[in-house]
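Everything below concerns the one structure shown next.
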Amino acid sequence: MRKALRWLLALTVFIGTLSTAGAATAAQSAQSGPTDIKDRLLAIPGMSLVQEKPYPGYRYFVLNYTQPIDHRHPDRGTFQQRITVLHKDTSRPTVFYTSGYNVSTTPSRREPTQIVDGNQVSLEYRFFTPSRPDPADWSKLDIWQAASDQHRVYKALKPVYSANWLATGGSKGGMTATYYERFYPRDMDGVVAYVAPNDVVNNQDAAYDRFFTTVGTKECRARLNAVQREALVRREPLEKKYAQYAADNGYTFDTIGGLDKAYEAVVLDYVWGFWQYSLLKDCDSVPADAATATDDAIWGSVDTISGFSAYTDQGLEQYTPYYYQAGTQLGAPTIHFPHIERKLIRYGYQPPRNFVPRSIPMRFQPGAMRDVDTWVRHHATRMLFVYGQNDPWGSERFRVGAGARDSYVFTAPGLNHGANVAGLVADEKALATARILEWAGVASAAVQDNPSAAKPLARYDAKLDARNVEREPALRP
């Protein structure tokens, strides 16, 4: 009888232990939260789903994230900032990308993402629609506020993507990645900034003039200069064509102040635009004898390279946030045209103020870029800057000084504003790839021992990894 009672008591204790363990497991499961990546993302306070798009081997989400209009005073209103997430695996590193403009909602993979075979978070820059507060207080559009947007997104997503993070971007996106690192240097494990302009002193632009006297070949420069000049010589007939073009497309010129100003702005962008987006071999497409070329040939060449819609109200509207920043913090280039008689040029390179509606106040802050430049020279850590040899925007670039650590500036020979790691000479390409892998925490022992063994971890995908330059009208980085 006593044995039976002892057995029954033991069984009761055992069952109780199982029940307690089961309850503890259930509680632990409840505390750990959802396991599906979409549910985990949407569990983040302020995160909402716009749509999910399928892509083989990934999950791809377009999301909105609630941000303060003013990070110094988060109680003074919010706006919805658009982000996308190309999800591979939470155990993989994450690349944080911004173009500095709008975010594309089509799945794509930036070069560092392919190199590390990781996830990619892409952020739309504040004040580019639809990521614009309403009403828009333009004084809250500056590089610190934008860096603080990135910081909040990173802090929100880091618990989900706990492996290493790299920041990247091209052109204004490369500038953005650099500014983010300057203001929040503890967030990222590395930065890869492509073709990032660095206009430290806004009114000192001789470097651009020097660039245009040596870029490419003498023959190519002569062709481009001749077409640009001829477009101003034929101003009257080509402006008639421009007026008809504007009427046919419903274009207006209120912001810049008239068709004549817009026409000259487009023409003066021509040589710059060619080198920004074209290669030396493309000189063959430029009229060989501008003086005898038809009006249509001159128009067609200028339109193809500069784009006659660029300085219409409709063309400028999308880029108002960029021009606002260029006129308040980033700076903008001013170049000269020694191959064109002064009488043919009425306005010269126009300032950003001419491209922003007058209802938006602007005041330039000359210390903003000097601060970033000084910080990069003396404090850059795990930063890689890649430039194109024939890209005018690289005339004023970031440089690293004695205080920098594990940081590099490389130039891709013959390349333009689309320069990347793949276009570097062999030794620099291997070193850059090895450092990216190391910063991301995925460098193999073989790569650590021998950087020349470094290669992208993910296979090339023609849809995800298109290498085209992110084309914007000339004179926008």
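Brief remarks follow.
- If you go through the stretch 460-471 and keep only what is of a type in the set (G, A, S), open to solvent by 70 Å² or more (accessible area, probe 1.4 Å) and within 29 Å of V215 (Cβ to Cβ), you end up with nothing.
- Out of R399, R435, sole residue that is under 17 Å from I115 (Cβ atoms), modelled with pLDDT of 95 or more and not aliphatic (A, V, I, L, M): R435
- Filtered by the rule that a residue be assigned to a loop (DSSP other than H, G, I, E, B), farther than 22 Å from G388 by Cα and open to solvent by 40 Å² or more (accessible area, probe 1.4 Å), the stretch 174-205 gives Y184, P185, R186, D189, N203.
- From the list A247, A226, the lone residue that is open to solvent by 10 Å² or more (accessible area, probe 1.4 Å), within 16 Å of A297 (Cβ to Cβ) and under 34 Å from the mean Cα position of the chain (by Cα) is A226.
- Residue check, Y322 of a type in the set (S, T, Y), touching a residue at least 40 places away in the same chain (Cβ under 8 Å) and not in a helix (DSSP H, G or I): no
- Counting only helices (runs of 4 or more DSSP H) that sit completely within the stretch 351-459, those holding 1 or more residues that are farther than 30 Å from A206 by Cα, open to solvent by 30 Å² or more (accessible area, probe 1.4 Å) and not hydroxyl-bearing (S, T, Y) correspond to 426-439, 445-449.
- Pair list, Cβ < 6 Å and 6+ apart or interchain, from the stretch 51-74 residues that are under 15 Å from A147 (Cβ atoms) to residues that are open to solvent by 70 Å² or more (accessible area, probe 1.4 Å) and β-branched (V, I, T): P68/T78
- The test for being at pLDDT below 95 and either more than 17 Å from K172 (Cβ to Cβ) or of a type in the set (A, V, I, L, M, F, W, C) (or both) does not hold for G414.
The values are calculated or read from the model by the stated rules, or taken from the named source; none is laboratory data. Because the structure is a prediction, the values reported are computed rather than measured. Because the Cβ atoms are built from the backbone with ideal geometry, glycine has one as well, and the counts that use them run over all protein chains shown. Surface accessibility is based on the protein's heavy atoms, side chains included, excluding ligands, DNA and RNA. Shrake-Rupley method; radii C 1.70, N 1.55, O 1.52, S 1.80 Å.
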